[in-house]
1. Out of curiosity, is S211 in contact with a His (Cβ under 6 Å, 6 or more places away or on another chain) and either assigned to a loop (DSSP other than H, G, I, E, B) or at pLDDT 50 or above (or both)?
2. Find the residue count for the stretch 56-103, including only residues that are among the basic types (K, R) and open to solvent by 10 Å² or more (accessible area, probe 1.4 Å).
3. I'd like to verify a number: residues in the stretch 321-373 that are open to solvent by 40 Å² or more (accessible area, probe 1.4 Å) and either part of a strand (DSSP E or B) or at pLDDT below 95 (or both), how many?
4. Only one of (1) out of contact with any Phe, Trp or Tyr (no Cβ under 7 Å at 6 or more places or on another chain); (2) of a type in the set (A, V, I, L, M, F, W, C); (3) within 28 Å of L267 (Cβ to Cβ) is not met by M366, so which one is it?
5. Under 26 Å from K392 (Cα atoms) and aromatic (F, W, Y), is that true of Y118?
6. Answer yes or no as to whether N379 is closer than 20 Å to G417 by Cβ, surrounded by fewer than 23 Cβ atoms within 10 Å (Cβ to Cβ), touching a residue at least 12 places away in the same chain (Cβ under 8 Å) and polar (S, T, N, Q).
7. Is it the case that T95 is free of Cβ contacts under 8 Å to residues at least 24 places away in the same chain and of a type in the set (S, T, Y)?
8. Filter the stretch 391-407 for residues that are assigned to a strand (DSSP E or B) and either over 19 Å from the mean Cα position of the chain (by Cα) or over 14 Å from L88 (Cα atoms) (or both) and give the result.
Amino acid sequence: MLALLPRWMHAESARTKAATLYVTDATEKHAARAPLQWAKAVAGAPGATIEIDSTRQYQPILGFGAALTDASCFLLSGLPAAGRHAFLTDVYSPTGLNLNLGRCCIGASDYSRSVYSYDDVADDMNLDHFSLKHDEAYILPTLREIRQIKPELFIMATPWSPPGWMKTYGTTFGGRTTENYLDPYAHSLWELSNGSMKGGWMSEKFLEVYSRYLGKFVQGYAQAGVPVHALSSQNEIVTTQYGRMPACRWSPELEATFIRDHLGPLLRAQHQQTQIWLLDHNYNFYERVAGQLQDKQLVKYVDGVAWHGYTGTPDQMSLLHQKEPNIPFYWTEGGPFIDDSDYATGWAKWGGIFTDVLENWCRCAMAWNLMLDPRGKPNLGPYTCAGLVTLKDDGSLLKSGQYHALRHFSLHLQRDGRRIASQSDASGLRHVAVENPDGSFALVMTNPGEAKNLRIVCAGQQLSLSLPRDSVATVAW
């Protein structure tokens, strides 16, 4: 019945109940405090305030997750069955972290045990040698086990490179080959593929067969019990990583041609419901996407834009949103490094990052590797990333600050909820509010500074509370 009420009546009904404050700081992790009671708001009362307006609603929430890379799935597969199931239950069930998204790699990434594709036979235009045998060893079993715990798991998949034989020494488009053709982000002529999955450019002559390759991946995963809900053409599409790891560069025109003329029509013809997301790279490439979206035939097949948080600033996503307000945004990668001094304690840093992501129109946030070892491995690339959790040599688990921050979002911000307006006069305080589809509300606050006393005001009612220093907190009502 609540869902049929006007939004302002949702808020009134919700405030007849006590609110609960959950706090993460140096001494507590998502600890529930004593219930908070609503009272009539006092105009002009002293102290810092967060004001919430549930009548102003923004993007819906898809959810939160982490990357289920070859490396993470391999480590998980090596755990005793009972321990693995207990960990996955903690991560994906509503009583734990409550993740509901996963990002998978189509073939090898830098966080793989080896370089592989699903068809390494050169010029196999019919894809007669296509096989998912590699993934059947431990990736697909892990994904199926997660789906038993979280049946509504949304899977996004992306390739770090096509098979090496589909690549070229330079970017090709329209019969021309040149390193710098319509690509201001090129680095040097030595960024070559030479038949390898490491570095190089996608070749125009293999676009059609590559679309069938990705289509076979989607079909094969579905047959294996793991539906793929979204794809991107390429992970970090504007870099070759100097040939140090599986990677591939695409010009904006080539990516558009691939989706518009090949991958999009193929998935539609196969009656696949898999979405296609552009870019899958950093904030600073927003102008590239803006240019691509001028092609209205391409837009017919574009279901969103995927973002990473390594370069640029989150507000650059809002610059694109101003131009293309109807294109959904998704944040698909970001995580800590093994040498971060605050790996286990950086909850306030990550609370701020996740708030930025949501405040700049993203519908989801996905961490990078779910699990790695203390040395950031398995890893065949040059980067020293760390997992959302670390599997220590003695078999115990170390949760990152990112993990602790993520719980405040993933446990309280429900799928299909809506971000709502919030504003504050509190110095340094970060905040984001959501109205959930069941009529409940959640406000996530990140306080990287000293302790604060605070009022939360909504529709003439208020809560009074204290936030510890260096904390992330959620108020749910």
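1. Working: in contact with a His (Cβ under 6 Å, 6 or more places away or on another chain): yes; either assigned to a loop (DSSP other than H, G, I, E, B) or at pLDDT 50 or above (or both): yes.
For S211, the condition - in contact with a His (Cβ under 6 Å, 6 or more places away or on another chain) and either assigned to a loop (DSSP other than H, G, I, E, B) or at pLDDT 50 or above (or both) - is met.
2. Total meeting the criteria: 2.
3. The total comes to 2.
4. Every listed condition holds for M366 apart from (1).
5. When the stated conditions are applied, Y118 does not pass them.
6. When the stated conditions are applied, N379 does not pass them.
7. Against the criterion (free of Cβ contacts under 8 Å to residues at least 24 places away in the same chain and of a type in the set (S, T, Y)), T95 qualifies.
8. L391, L397, L398
The values are calculated or read from the model by the stated rules, or taken from the named source; none is laboratory data. Note that this is a predicted model, so its numbers are computed, not measured. Neighbour counts run over all protein chains shown; Cβ positions are idealised from the backbone, glycine included. Please note that ligands, DNA and RNA were not included when accessible areas were found on the heavy atoms of the full protein model with its side chains. Shrake-Rupley method; radii C 1.70, N 1.55, O 1.52, S 1.80 Å.
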